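Here's the structure, in structure tokens; my notes come after.
What follows is calculated from the coordinates using simple rules that are stated; it is not laboratory data. Please read all numbers here as calculations on a predicted model, not as lab measurements. In this analysis, Cβ positions are derived from the backbone assuming ideal geometry, glycine residues included, and neighbour counts consider all displayed protein chains.
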Amino acid sequence: MLSGEEVTAVLDRQTAVMEQVASGAQLGEVLDSIALALEELMAGSMCSVLLLDEEGRLRNRSAPTLAAGFSAGVDGLVPGPAAGSCGTAVHLGEAVVCSDVSTDYRWETFRELAALYGLRACWSSPIRSRGEVVGTFAVYHQTPYEPDERDRELVRRFTHLTSLAVEHDRSTAEREARHRAELARQSAERANHAKSQFVTALSHELRTPLQSITSFTENLQTLDLSPDQRQGALERIGGAAAHILSIVDDVLDLARVEAGAMPIELQDVDVKDEVEASLDLIEPLAERRGLHVGCTGPSFSVRADRRRLRQVILNLLSNSVRFSAPGTRIRVYTEGDDLVGRVHVVDQGAGIPEELMARVFVPFDRLGAEAGREGGAGLGLVLARRLSEAMGGTLELSSVVGVGTHAVVMLSAAGASRLLPPETPKLGDVRGFEFAD
Ligand SMILES: Nc1ncnc2c1ncn2[C@@H]1O[C@H](COP(=O)(O)OP(=O)(O)OP(=O)(O)O)[C@@H](O)[C@H]1O
Ligand SMILES: [Mg+2]
């Protein structure tokens, strides 16, 4: 039996270990502390903890004073009726005392290994967690050794302490796994919800032009239309079909870029060339609407995919054209340094109310513009932003109702040693831009 003084010593050590567990220490460290504590209390002993892995093999988890070569030699041990003290203890589910391993039949396989490291006695007790054997706590001696009552009491206490530490470690791991699974479930649910919203909005968006195609086709088939009326109907059908096609193209682009499957070929691209090419395309429409478009700023190169950069600039320009009143100006400013290049598209249009800004990059959300006469699906900005990001850049938007809107695409400068620095694009108040020619 333990003396009063010894009980105090054991309790002190147990408390220290429990404090270590509570402070969140790694299981390996806790097991080392337990092994060392018992070694201190039991002269000449060397302790080890082996735990079962998923394949049912015993793995060395702590053996602070045993020779590393010996621990490596028993690591991976398969429990069985004669598998050293530890393998046998796990197999039987009860303590196994081999007071002299040089003669014990259960040490047949490990006899030479034990002799090599000067080990003569090994006594192993199963560690249980939730009623199941999960490993063993072993005590070695360098001479033949038979444990007495005091030794048994000490080992019983320390094996129990080990069980508590293992149990705590498993509960923590399970709690963390549950938490991770819950986070994954929530994120899948959000993605699913976003996807169904997207599909609903897409079908809604396609329905209008499809209905228009159906009804004009029906008119053509059933009514006796004049040549002009027929021409008009065919034009409406053509327009609706083109609208469907552009939605499908944008949706496919968006899906590809979001899946990381959009082929993006980054090369040195002259920004001014792309801006001018985009302006050439948009100018006829802008002129018909009485808008003045133009560009200023230096010419420089950025890392971009030429076709996609043009798509981004065109999307921004077409928004400015769509949402600006006749007589106002649309300006493109280029600006670049050693690290980044920026393209600003600034208009003097209707602007976007602050409370709607959070929705401008939401697919199919047109912020109420669907009630107006301007066509569109509400995909342009989100696509332009995803494309900019796929090129390693950013796209930001700021707007003031009644003053105008300012979009800025930022890309890495050609030859910059790293992609975009952690800097947000310089977004100015639209008022700060000079619209004079
Ligand atoms: N320059 C702008 N001025 C005012 N409002 C804008 C401007 N750009 C975008 N918006 C608002 O943001 C909404 C979303 O723009 P986005 O480009 O994504 O869609 P869209 O232009 O309506 O359609 P799409 O680009 O798919 O043809 C627009 O419907 C409009 O309400
Ligand atoms: Mg648009």
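A few comments on the model shown:
- Rounded tilt (10° steps) of 306-322 against the dominant C-alpha axis of the chain: 60
- Ordering 276-283, 145-152 by mean Cβ neighbour count within 10 Å, with the highest value first, yields 276-283, 145-152.
- Cβ crowding within 10 Å averaged over residues, with 366-376, 1-11, 173-183 ranked highest first: 366-376, 1-11, 173-183
- Cα-based Kirkwood hydrodynamic radius, the range 271-381, one decimal, Å: 14.9
- Simple spin-label estimate for residue 143 and residue 285 in nanometres, 7 Å along Cα-Cβ: 9.7
- Theoretical FRET efficiency, 1/(1+(r/R0)^6), r = Cβ-Cβ of residue 67 and residue 194, R0 60 Å, to 0.05: 0.55
- Annotation for residue 435 and residue 36: the two label points, set 7 Å from Cα along the Cα-Cβ direction, are 7.5 nm apart.
- Degrees separating the helix 227-258 axis from the principal Cα axis of the chain, which is the longest one: 20
- Principal axis box of the range 4-179, alpha-carbon based, largest edge first, Å: 48, 43, 27
- Residue with peak Gaussian network fluctuation, the chain [Cα springs, cutoff 10 Å], from 22, 165, 184: 22
- Given +1 at the Cβ of Lys and Arg, -1 at the Cβ of Asp and Glu and no other charges, the dipole of the chain around its Cα centre is 1020 debye to the nearest 20.
- Stretch gain in nm, segment residue 108-residue 55, where the contour uses 0.36 nm per residue and the Cα spacing is subtracted: 16.7 nm
- Leading residue at positive end of dipole, the chain (Cβ point charges), from 27, 115, 320: 320
- Folded to 0 to 90 degrees: helix 149-222 orientation relative to the chain principal axis, Cα: 20
- Both the radius of gyration and Dmax for the chain are 37.6, 115 Å, in that order, over alpha-carbon atoms.
- Positive-end ranking of 181, 212, 69 along the dipole of the chain, with charges on Cβ about the Cα centre, is headed by 212.
- Separation of alpha-carbon centers, the range 64-141 and the range 237-311, rounded to whole Å: 72
- Rh (Kirkwood; distinct C-alpha pairs) - the range 193-258, Å: 13.3
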